[in-house]
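Since the structure comes first, as structure tokens, the remarks are kept for the end.
The values are calculated or read from the model by the stated rules, or taken from the named source; none is laboratory data. Remember, predicted model here, so these are calculated numbers, not experimental data. Please note: Cβ atoms are built from the backbone with ideal geometry, for glycine as well, and neighbour counts cover all protein chains shown.
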């Protein structure tokens, strides 16, 4: 199938282009971007021009930031294209619901992707937890914002989500691996006094069987970077480490690679998109974004030291 | 049908008890409250005790504040009771979704009520707008918090929603009368520097046909209190005034009472609940709460003067 990629920035170049290139399902037929291009692929700077010029392109993948994304997705759906959305699927929950309604009317597939759910160990973690009784689940998602978002001022603007931009990845894993629904019972959000979005957050969730479920997100982490989820059960403790890349059970690494048909988060996302289209389905799970919106609505705000992008600005390795 | 009322505070005494008393569908069989009681009705102070002692009571109406409400609703549903929720239906969106899932599993009716949608003129406004082209819709919801919430500190605590507590009533009307979905495009929230919830908010919405849709909520309004929604269309202007009690078209009051089978918001809510149960249905429209959560997530925060409950504290008339 021919696909167009919209928003040729870092995530598109690093992940989407190679995943499409390596897939037997997809051919990258066009790009739309003000500046970015992909060698050998027809490049457009205007989205509506591409939609009109390439009626053969039936699928559009949107990797631009969430705030302008709705208008692109709505245009694509109205012209009968299937649409794939980078995370988070929108700047508001209401626009995501509106897109889903629109996709049903136009009978196209719509996929709100959560790339961390496709990390190597997530399916194995979910299977291991399925028949255990959860006692405690603790998320620790602590990274250095200067290292991963050097100079990116937009993350501090309204809608940029602040530390929830990485934190929503953890929430996408938690909502995937837990068998029942959880909801926020309280939260504390730390706002730098010169910024609109939080730099750290502590979340406490209600769990239907009474387990203690917590999350700590922090963007001020220097040195070792931490992306772990620890789940203590009646039959031992599971640790998801490196953002879902690996798991340990009772401290022992567990091999999970042999079961996986594809290697990598994005190749699995694109394989899933091909499947959704062939089955005529929509996958618009908003649970991670809903928890983030709940945290902004229910969270206690606390002012912390101002934040500036100064000093050493490492490049993402 | 026998019904139990939980949380015997001001809204229960003013609205729920008279509505149940006047209805041919309902008998108030029990109350649950730490302090409140209704004369001639069996009073419990513990909810689980009531559920066990009164298996004949098949329906529970919850009027307690949103934060503790989830646990009550979940217990009621698990014991097979139909449940009616005051607005807002929960402190988080995720818990509302969880309740809906639970209600489906236990095959009971669940009703997230929005009393302002039952105001006298709302159905007429919706019918009038249905075949018009909207150009502009402006909500003005401006009241004096000292007058309507004298000394209520909880409205300033996380989860208390601040000015969105009345504002969500306006949003419940707007989402009822507009034919298509809207979503927030930007918002500004004014927080008193000593408080956790906003005292004022300005909201801008995206409208699918390009109308300008805005809302102004303010809790600092002295003198005349304003609860209006003005909708300019290609065929004239509709004004909803007094929170939905009356409408004017091109400045002329329009009579709407003769069409209405019941008088008052709460009698209509209880009639609807009886209908939902007889049809085995769930009505859990979360659109108003979703817009509020979106506003907290996407809104720009602005600090304003501290707020104190001092000076004259009028009583709600």
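Here is a yes/no grid of residues against (1) assigned to a helix (DSSP H, G or I); (2) within 25 Å of residue B:196 (Cα to Cα); (3) at pLDDT below 95:
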residue	(1), (2), (3)
B:120	no, no, yes
B:126	yes, no, no
B:132	no, no, no
B:138	no, no, no
B:141	no, yes, no
B:150	no, yes, yes
B:159	no, yes, yes
B:162	no, yes, no
B:165	yes, yes, no
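Could you grab me the full set of residues in segment B:3-35 that are assigned to a loop (DSSP other than H, G, I, E, B), under 23 Å from residue B:71 (Cβ atoms) and touching a strand residue (DSSP E or B) at 6+ places or on another chain (Cβ under 8 Å)? Before you say what the answer is, go through the steps one by one.
Keep residues of segment B:3-35 that are assigned to a loop (DSSP other than H, G, I, E, B), which gives B:7-9, B:23-26, B:33-35.
Imposing the further condition that a residue be under 23 Å from residue B:71 (Cβ atoms) reduces the set to B:7-9, B:33-35.
B:7, B:8, B:33 - these are the residues of segment B:3-35 that are assigned to a loop (DSSP other than H, G, I, E, B), under 23 Å from residue B:71 (Cβ atoms) and touching a strand residue (DSSP E or B) at 6+ places or on another chain (Cβ under 8 Å).
Of everything in segment B:283-301 that is facing chain A (nearest Cβ under 7 Å) and not in a helix (DSSP H, G or I), the residue that is nearest to residue B:181 (Cα to Cα) is B:299. Note on segment B:246-281: residues that are surrounded by 14 or more Cβ atoms within 10 Å (Cβ to Cβ) and not in a helix (DSSP H, G or I) total 9. Of all the numbered requirements in (1) within 14 Å of chain A (Cβ to nearest Cβ); (2) touching a strand residue (DSSP E or B) at 6+ places or on another chain (Cβ under 9 Å); (3) closer than 29 Å to residue A:179 by Cα; (4) surrounded by fewer than 24 Cβ atoms within 10 Å (Cβ to Cβ), residue B:157 misses one, and that requirement is (3).
In segment B:176-190, which residue that is buried (at least 20 other Cβ atoms within 10 Å of the Cβ) and more than 17 Å from residue B:124 (Cβ to Cβ) is farthest from the other protein chains (Cβ to nearest Cβ)? Among those residues, the one meeting the criterion is B:190. Only residues that are loosely packed, with under 15 Cβ neighbours inside 10 Å and touching a helix residue (DSSP H, G or I) at 6+ places or on another chain (Cβ under 9 Å) were counted in segment B:50-76, giving 1.
Tally up the residues in segment B:81-108 that are assigned to a loop (DSSP other than H, G, I, E, B), more than 13 Å from every other protein chain (Cβ to nearest Cβ) and either out of contact with any strand residue (DSSP E or B) (no Cβ under 8 Å at 6 or more places or on another chain) or more than 24 Å from residue A:179 (Cα to Cα) (or both), please.
Narrowing segment B:81-108 to residues assigned to a loop (DSSP other than H, G, I, E, B): B:81, B:86-92, B:107-108.
Checking which are more than 13 Å from every other protein chain (Cβ to nearest Cβ) leaves us with B:81, B:86-87, B:107-108.
Applying the additional criterion that residues be either out of contact with any strand residue (DSSP E or B) (no Cβ under 8 Å at 6 or more places or on another chain) or more than 24 Å from residue A:179 (Cα to Cα) (or both) yields B:81, B:86-87, B:107.
Within segment B:81-108, residues that are assigned to a loop (DSSP other than H, G, I, E, B), more than 13 Å from every other protein chain (Cβ to nearest Cβ) and either out of contact with any strand residue (DSSP E or B) (no Cβ under 8 Å at 6 or more places or on another chain) or more than 24 Å from residue A:179 (Cα to Cα) (or both) number 4.
The condition (being under 30 Å from residue A:263 (Cβ atoms), over 19 Å from the mean Cα position of the chain (by Cα) and touching a residue at least 60 places away in the same chain (Cβ under 8 Å)) is satisfied by just one residue among A:112, A:76, A:103, A:43: A:103.
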